[in-house]
Amino acid sequence: MSEASPTPAAAPGRTMIEVRNVVIEFPRRRVTLGTVESSFMKLIGRHKTANFTAVNDVSFDIREGEVVGIIGRNGAGKSTLLRVMAGIYRPDRGQVRVGGRVSLLAGLGVGFNVNLSGRDNIYLYGSILGHRREVMDKLMDQVIAFAELEEFIEEPLRTYSTGMRARLGFSVASAVRPEILLIDEVLAVGDARFKERSTARIQQMVKEAGSVVVASHSFSTLRQVCTRLLLFERGRLIAQGKPHDVIAHYMKDEPPEVQRANAAPP
């Protein structure tokens, strides 16, 4: 395992994602003044602001055929980095080069309209994910069957349970196989039986996609599917290497009971 090394040794296959010295900052307002004074300072353009650095001078490569996991505590920059690679966020500094069609599997059901039918929401969510209507036409039967919503697909989404919405969102998001698959904490949704099916589908997507990057707290899944892990802390890449080694590095400061719960099986 390497400590904070910016770029790992070359792996087989061409470079699919190249991240170089990327910095992402978000504005953060500091409220330190009283209401009247704050309003006056805002009026004259002297209100106090500060930037929060979500990703801090990060560099690495993802090569064809790799399955790379990203771990770190909440707020470490994992989700932000995935959105940079997906093209949702632009770096404030640095560069990201992507060498294939990208699909980000995150925020299941974001953009659903509760007043539209399940079928109409398949088209809507598909368009948000970048898929044309004719593509969704071809995938429609497959999406409905996998979500197990044949009886309810013409009903408005407001009549769906939370689990039904999650199944529909996952089914749409996982229907098209990309060249580069980015997964943000979406490793299991719905009831126990559907969780098994969704996990199996993700594992199949991992096998079929050219490269996969997955951010997750599910160490057992990461051990199964990943060839390499990147460990982030407060926006910085602090370690990378084999999953067992990086997870051990992450867990070294955790309480003993947490270490036992996340230990690899014998």
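A short reminder: the numbers here are calculations on the coordinates, not readings from a lab. What you are looking at is a predicted structure, and each value in this text was computed from that prediction instead of being measured. Reconstructed Cβ throughout: ideal geometry from the backbone, glycine too, with neighbour counts over all protein chains shown.
Assorted remarks:
- Inter-probe distance in nm under a simple model that places probes 7 Å from Cα toward Cβ, at Asn51 and Glu18: 2.4 nm
- Counted charge near Tyr123, where neighbours are those whose Cβ lies closer than 9 Å (Asp, Glu -1; Lys, Arg +1): 0
- Neighbour net charge for Leu222 - beta-carbon separation under 14 angstrom, K R +1, D E -1: 0
- A simple packing score, the average count of other Cβ atoms within 10 Å per residue, orders the peptides 165-175, 95-105 as 165-175, 95-105, with the highest score first.
- Full-extension gain in nm, Thr227 to Lys242, via 0.36 nm per residue minus C-alpha separation: 4.7 nm
- Calculated FRET efficiency for the pair Asp253/Phe26, C-beta based, R₀ 22 Å, to 0.05: 0.25
- In straight-distance terms, cross-link reach from Lys195 covers every one of the aspartates and glutamates whose alpha-carbon lies under 15 Å from its own, apart from those fewer than eight places away in the same chain; here that gives Glu148, Glu185.
- If the segment from Thr159 to Glu179 were pulled out straight at 0.36 nm per residue, it would be longer than the present Cα-Cα gap by 3.7 nm.
- Dimensions in Å of the stretch 108-177 - Rg and Dmax from alpha carbons: 10.4, 30
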